[in-house]
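Before any comments, here is the structure.
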Amino acid sequence: MASRIAELAALISSNTQKIDEYLASNSLPRPSFEEDGPVKLGLPAELEAARSATLNATAELEALLKTPDDLLRPILNGTSLEAISRYDMARKVPVGGTITFEELAEQCGLYEPDVRRIIRFAIVHHFIFREPSKGVVAHSAASRRLVDDQGARDGLGVMFDDCYQSFGRTVEAMEKYKGQEMAQTGWALSHNGMSLFETFGKVPAKAKRFAGSMAAFNASPMMSHKHIATNFPWETLGEATAVDLGGSHGELCAALAPTAPKMKFIVQELPRTVQSVNRDALPSAVAPQIEFMEHDFFTPQTVTAAVYIFRQIFHNWADSNVIKILRQLIPALQPGARILVHDLLLPEPGKLPLMMERQIRAMDMLMLSICNARERDEADWRQVFTEADPRFKVLRVFTPKGSALGLVDAVWERE
Ligand SMILES: C[S@@+](CC[C@H](N)C(=O)[O-])C[C@H]1O[C@@H](n2cnc3c(N)ncnc32)[C@H](O)[C@@H]1O
């Protein structure tokens, strides 16, 4: 019988061959670290599955071939990416050209040996930048993204200029506070005592960058709003009202409105968010269906609606706060009202492909560090609803095919 490493190697070999043949026969560019390397491979669904299987097998093979001692010493130093983001190094490297370490250090106002180690770490660990000849820096495909794409810059900035510091102080926060509040986090310890949302209220540049990174993250098909649109019977609701709590600038409501043209959608948000809404950015065909309303979801709900939506809200809050938020709906709830939660659904351990489970568990750890909150599995979701009030009945908890986020569909039962 073939060993596990031989099995993995065979899987990697057959899948990479299929991908390579597809790219060659369709005259598509091969993956490359060069500055003009493709940003997307353009593979059809079955070859995307082959790519994903290859990445899972490669990660497992790498771990098997390492010694246990190697696995105990992962290199998780984010200082290099933090510096690249903070000093906007990518945009100082000419596209199609090169810059020396001395010149780059001078432009950043940094000590040249520091810039040299920062860049060389990024090259060997992240394939960000290249050193085509000694002492000279050029772009790789990844560093080029940081030149071309604001969302990529925002994402790197949020992760390494904000969250990385939070990771370093999370255990300290756990020991110090033994609490579940947003101001008792690694984030707060590394942001002058301010919680995540207080930081965004007081530092507009960070709020803008976070919004940019969320927009880039939400642009992925796996995050698409269509997963809510197609997994709930909107078209049957007629002239009903839906409320999207913490619905940002109305992106989800704009995506749902065409599926339910008679419905009214109310986006409830904090005052500063409502005040920053540009109604002209809404598609004109659905704009009349959408209203914005200032409302703090920790205060009693005043709108009676058929559906209340929470998309990527509860994973920012600890259970005690989720329960408080759910209870605030009760004054407005009519029997049969639905509560739809669109948030990550934690899988059973080992049931998903490795890379997917890694991403989900990374998000869960991120929530711990930045908001003292968590992602939840099916039992966790059922528990918060039941604890909020036994009259909430959870009907379905599932992850739609092709979606990164799960759906929790609950109903407010008759008294
Ligand atoms: C992670 S974002 C999710 C935005 C949107 N639902 C989505 O899926 O893209 C969380 C949102 O909750 C809003 N928010 C935070 N605290 C709130 C509160 N107490 N009341 C209402 N909205 C709040 C924030 O302004 C932010 O837009």
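Quick check: the distance between the Cα centres of the range 177-209 and the range 304-369, to the nearest angstrom? That distance is 20 Å. Here Lys40 is the anchor, and the lysines within straight C-alpha reach of less than 19 Å, apart from those fewer than 8 places off in the same chain, are Lys18.
Take the Cα of Ala362, step 7 Å toward its Cβ, do the same at Glu46, and the gap between the two points is 3.0 nm. Ignoring lysines fewer than eight residues from Lys178 along the same chain, the ones with Cα atoms less than 25 angstrom from its Cα are Lys324. With all protein chains present, how much of the accessible area of the chain (probe radius 1.4 Å) comes from carbon and sulfur, to the nearest whole percent? Ligands and nucleic acids excluded, carbon and sulfur give 56 percent. A straight line joining the Cα centroids of the range 3-64 and the range 221-239 runs 33 Å. Counting every C-alpha pair in the chain, the share spaced more than 29 angstrom apart comes to 54%.
Straight-line cross-link partners of Lys262 among the lysines, defined as a Cα under 29 Å from its Cα and at least 8 positions apart when in the same chain: Lys226, Lys393, Lys401. Note on the chain: antiparallel DSSP beta bridges, both residues inside, total approximately 45 percent of the bridges counted. In the range 33-171, one over the average inverse separation of all distinct C-alpha pairs is 16.7 Å, which is the Kirkwood hydrodynamic radius. Working from Cα pairs under 8 Å separated by at least six residues, relative contact order for the chain is 12 percent. Full extension of the segment from Leu65 to Glu102, taken as 0.36 nm per residue of separation minus the current Cα-Cα distance, would add 9.5 nm. Solvent exposure of the chain amounts to 51 Å² per residue of accessible area, where only protein heavy atoms count and the probe is 1.4 Å. Evaluated with a Cβ-only charge set (Lys, Arg +1; Asp, Glu -1), the chain carries a dipole of roughly 180 debye about its Cα centre, given to the nearest 20.
The values are calculated or read from the model by the stated rules, or taken from the named source; none is laboratory data. As the structure is a computational prediction, the values presented were derived from the model and not from experiment. Cβ atoms come from the backbone with ideal geometry, glycine included; neighbour counts cover every protein chain shown. Side chains included, ligands, DNA and RNA excluded: accessible areas come from the protein's heavy atoms. Shrake-Rupley method; radii C 1.70, N 1.55, O 1.52, S 1.80 Å.
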